[in-house]
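What follows is one structure encoded as structure tokens, with my remarks underneath.
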């Protein structure tokens, strides 16, 4: 545990080192401070950690992968700035979302600048006998394109008032979450060691990423105190708004299951309550939706689906990891992903 904490701390330091330092007290200094705000709020740094562990598991030097891990975490942070704007989120990591503090135009520009810093770091990478810089950059292109495609589906469904069924939801999550949460971190680690990623990693990543996202959706609708649904909008155990997904009208597996099991009258009412903008959606609307979710067992179904996806993917991943030379690091990868699949916050 201490070693993992030290690893995430190193990644955090490297992320900040890739951003402009804050010097003086002029407008540009304040701009540079805003670029550092989300990284300084912390986070799990899961993706960067997986990159470094995967490098070691493939027999490479994890120190050489540190710039790659930092670039991936920088990607996560600038995407979150934009994602919070697109979802009109209230909070990020227990504090107001950036656009809530400085406005949408400034926050959008901050995210753009962080994006540039990510590519600046990636362009500085040089290939060697055990480090494939070109493959790493191509992986980032693949990952960013798929993340944007998944985000487009998610945003379009909300904008057009459409509700996805389970198959469409899983396809969206495969693009939006799985690529940059599991598949690319593991493949980037292989490239940073000069190895060829295993062909099964993408399929494993698809299922694990979906399991993690579904678990995240379940946690968001689990009240801070299980019998109290009056805390809508309050910070939950993992630093996000309780029921924020319903306030934002996000399309989740929980909603897909709910809509497939409601009566015609309740389906019409649920659609109407979710059709209004966030600013017009009240705690009463959310409480009504939560009651219906409980009645038809949508939370329970989603959790069981997440467990099934994770179980199969983790079993297959164990077989892949068993073929790698860095057995200790491979074991830490498996343990980390098993913990995340069953996390409570």
- Query: Does at least one position in segment 336-344 carry a residue that is more than 14 Å from residue 217 (Cα to Cα) and over 18 Å from the mean Cα position of the chain (by Cα)?
  - Reply: no
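Of all helices (runs of 4 or more DSSP H) completely enclosed by segment 272-345, which ones contain at least 3 residues that are free of Cβ contacts under 8 Å to residues at least 24 places away in the same chain and over 30 Å from residue 203 (Cβ atoms)?
283-296
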- Quick count over segment 225-256, residues being under 30 Å from residue 320 (Cβ atoms) and at pLDDT below 90, is 1
- Query: If residue 59 satisfies every condition in (1) modelled with pLDDT of 95 or more; (2) more than 19 Å from the chain's Cα centre (by Cα); (3) farther than 30 Å from residue 198 by Cα but one, which is the exception?
  - Reply: (3)
- Filter segment 174-204 down to residues that are more than 15 Å from residue 324 (Cα to Cα) and without any contact (Cβ under 8 Å) to a residue 60 or more places away in the chain and give me whichever is farthest from the chain's Cα centre (by Cα). 202
- Message: For segment 276-296: of the residues being under 25 Å from the mean Cα position of the chain (by Cα) and exposed (fewer than 15 other Cβ atoms within 10 Å of the Cβ), which is nearest to residue 160 (Cα to Cα)?
- Response: 277
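The values are calculated or read from the model by the stated rules, or taken from the named source; none is laboratory data. All figures in this text were calculated on a predicted structure; none of them were measured in a lab. All Cβ positions, glycine included, derive from the backbone under ideal geometry; neighbour counts span all protein chains shown.
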